[in-house]
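What follows is a short report on a single structure.
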Amino acid sequence: MIYRNISLKPYNTFGLDYKADCLVSLKTEEEAIVFFRDRQSCGEPLLIMGEGSNLLFISDFRGTVLHSAIEEINPEENDESGVILSVGAGVKWDHFVEWCVKKGYYGVENLSLIPGLVGAAPVQNIGAYGVEVKDTITRVRALDISDGSVREFSNGECLFSYRNSIFKKDLRNKFFITKVYFKLGIIPSFNLRYDLLEEEVNKAGAISLRNVRQAVINIRKRKLPDPKVYGNAGSFFKNPVLSIPEAEKIIAKYPQIPHYPDDSGGIKLAAGWLIDRCGWKGKRIGNAGVHEMQALVLVNFGNATGKEIYDLSEKIRESVLEKYGIALEREVEIIGST
Ligand code: FAD
Ligand code: EPU
């Protein structure tokens with residue numbers, strides 16, 4: 001389905017009313033292959049988009065948005081330890097998590113309630129409460145946008161790292177993901193290392209997939225704003241990862257700063273803590289602001305423009321750089337130009 005001059009308001013969780021020249025919603029892999037082979041009627045540049053829950057538009061998009069609407073979940077194989085599932089890129093991430101919990105499949109329950117579609121999960125290497133999606137993905141199936149050819153990427157080829165993958169770097173907007181293959185466990189196994197998670201699970205009763213999912217949902221609802229109420233894109237910045245000597249200097253000066261070892265060998269510091277200590281939590285400038293429960297989340301109080309949110313993010317970066325000498329990197333992608 002091709003839509004022209006379409007409002008992107010339903011397609012971004014900041015709730016910003018910018019337009020795209022063209023939006024193509026692709027419902028099957030076959031339809032997508034034909035579209036990429038014969039693409040004649042829609043202009044460049046291209047932007048692949050799920051639910052726009054990690055994007056900030058700062059202007060209309062003068063090009064073509066490719067939106068995945070492939071919705072199917074299929075069991076592929078199983079053995080005594082687990083099951084392999086292929087999941088369409090257009091399935092809502094949290095519907096997939098709920099489906100797994102119902103079926104008794106272990107591995108993604110800590111990632112409950114993350115907005116967005118399955119197709120974006122490997123792009124972002126989504127993570128929460130001690131789990132990253134890379135640990136459950138076996139393969140990613142995608143189409144080369146230049147000619148519609150199919151390519152499958154093994155887990156290793158995806159080059160996953162903290163909120164990053166090959167699809168965000170060299171292959172950004174070059175491969176359209178159609179399916180993601182997950183391997184999930186059928187033998188009970190839980191990850192309750194995140195502070196407070198075990199306590200929250202215990203409140204719900206015995207440890208079970210359902211109770212872990214519910215505990216994660218409870219924690220998230222306390223801290224994170226619902227985009228239907230206040231537009232937002234989750235954490236606006238990444239937690240900075242410093243080398244051990246650099247991190248040691250900061251920790252010696254500010255011993256309270258929350259920090260964790262990162263898979264890369266460095267130390268990850270809590271950006272929310274840094275922003276909070278710069279006095280931003282709960283602050284509002286015009287129609288944009290910093291969430292009162294989580295300083296890492298910027299919100300649209302109703303009528304903000306993308307530029308207002310962007311300008312606020314720049315002010316925050318400047319003050320963290322000035323006070324702590326740390327340059328925060330955005331997690332949210334900025335789309336468009338002023
Ligand atoms: P989009 O924002 O539309 O796109 C994100 C990126 O993926 C873009 O680069 C886009 O080009 C690319 N992309 C999307 N679909 C495809 C495809 N089919 N093929 C190729 N590329 C594609 N994230 C976390 O990791 N952990 C959290 O705990 C978390 N909490 C959040 C809480 C809230 C309230 C909100 C609003 C966001 C949160 N996020 C979190 C961020 C966001 O939900 C994730 O990044 C999510 O994976 C984005 O999905 P999306 O479908 O909206 O992708
Ligand atoms: N903190 C503050 N003040 C704040 C916010 C946080 O002091 O305003 C402190 C907290 O007290 C805690 C530490 O910072 O000690 C970390 O906070 P939290 O556990 O809330 O997690 P986070 O680092 O802010 C990350 C992810 C989230 C994910 C949560 C839970 C990033 C950029 N963000 O947030 O992911 O849900 O951990 O695992 O890694 C997202 O990526 O969009 C996202 C929401």
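The C-beta contact set for segment 48-66 (first residue over 18 Å from residue 298 (Cα atoms), second residue hydrophobic (A, V, I, L, M, F, W, C) and within 16 Å of ligand 2 (Cβ to nearest atom), distance under 8 angstrom, 6+ apart or interchain) comprises 49/55; 50/117; 50/120. Picking from residues in segment 309-324 that are without any contact (Cβ under 8 Å) to a residue 60 or more places away in the chain and surrounded by fewer than 19 Cβ atoms within 10 Å (Cβ to Cβ), the one that is farthest from residue 274 (Cα to Cα) is 311. The single condition among (1) of a type outside the set (Phe, Trp, Tyr); (2) in contact (Cβ under 8 Å) with a residue 60 or more places away in the chain; (3) in contact with a strand residue (DSSP E or B) (Cβ under 9 Å, 6 or more places away or on another chain); (4) within 25 Å of residue 36 (Cα to Cα) that residue 108 does not satisfy is (4).
Would you check which residues across segment 140-170 are among the β-branched types (Val, Ile, Thr), outside any loop (DSSP other than H, G, I, E, B) and closer than 28 Å to residue 233 by Cα and list them? The one that is among the β-branched types (Val, Ile, Thr), outside any loop (DSSP other than H, G, I, E, B) and closer than 28 Å to residue 233 by Cα: 140. Just one of the numbered conditions (1) modelled with pLDDT under 95; (2) in a loop (DSSP other than H, G, I, E, B) is not true of residue 52: (1).
Within segment 156-180, the set of residues being among the hydroxyl-bearing types (Ser, Thr, Tyr) and surrounded by 19 or more Cβ atoms within 10 Å (Cβ to Cβ) comprises 165, 178. Every condition in (1) in the same structural domain as residue 88 (by TED's automatic domain parsing); (2) within 14 Å of ligand 1 (Cβ to nearest atom); (3) assigned to a loop (DSSP other than H, G, I, E, B); (4) at negative phi holds for residue 173 except the one numbered (4). Among residues of segment 116-139 that are free of Cβ contacts under 8 Å to residues at least 40 places away in the same chain and more than 6 Å from ligand 1 (Cβ to nearest atom), those with a Cβ under 6 angstrom from a residue that is among the β-branched types (Val, Ile, Thr) and not in a helix (DSSP H, G or I), sequence gap 6+ or separate chain, pair up as 133/126. Out of all the residues in segment 4-39, which are aliphatic (A, V, I, L, M) and surrounded by 15 or more Cβ atoms within 10 Å (Cβ to Cβ)? Residues satisfying the conditions are 6, 8, 16, 20, 23, 24, 26, 32, 33. Of the candidates 125, 110, the single residue that is modelled with pLDDT of 95 or more and farther than 20 Å from residue 50 by Cα is 110. If I ask for residues that are of a type in the set (Asp, Glu) and either surrounded by 17 or more Cβ atoms within 10 Å (Cβ to Cβ) or in contact with a Leu (Cβ under 7 Å, 6 or more places away or on another chain) (or both), which ones from segment 141-155 would you list? Within segment 141-155, no residue meets the criteria. The residue list 153, 190 contains one member that is outside the structural domain of residue 260 (by TED's automatic domain parsing), touching a strand residue (DSSP E or B) at 6+ places or on another chain (Cβ under 7 Å) and aromatic (Phe, Trp, Tyr), which is 153.
Of all residues in segment 83-139, those being in a loop (DSSP other than H, G, I, E, B) and within 13 Å of ligand 2 (Cβ to nearest atom) number 9. Screening the candidates 120, 128 for the property of being within 16 Å of residue 214 (Cα to Cα) and outside the structural domain of residue 47 (by TED's automatic domain parsing) yields one hit, 128. For residue 265, the criteria (1) within 14 Å of ligand 2 (Cβ to nearest atom); (2) without any contact (Cβ under 8 Å) to a residue 60 or more places away in the chain; (3) under 26 Å from residue 130 (Cβ atoms) hold in every case but one, which is (1).
The values are calculated or read from the model by the stated rules, or taken from the named source; none is laboratory data. This is a predicted model, so every value here is computed, not measured. Cβ atoms come from the backbone with ideal geometry, glycine included; neighbour counts cover every protein chain shown.
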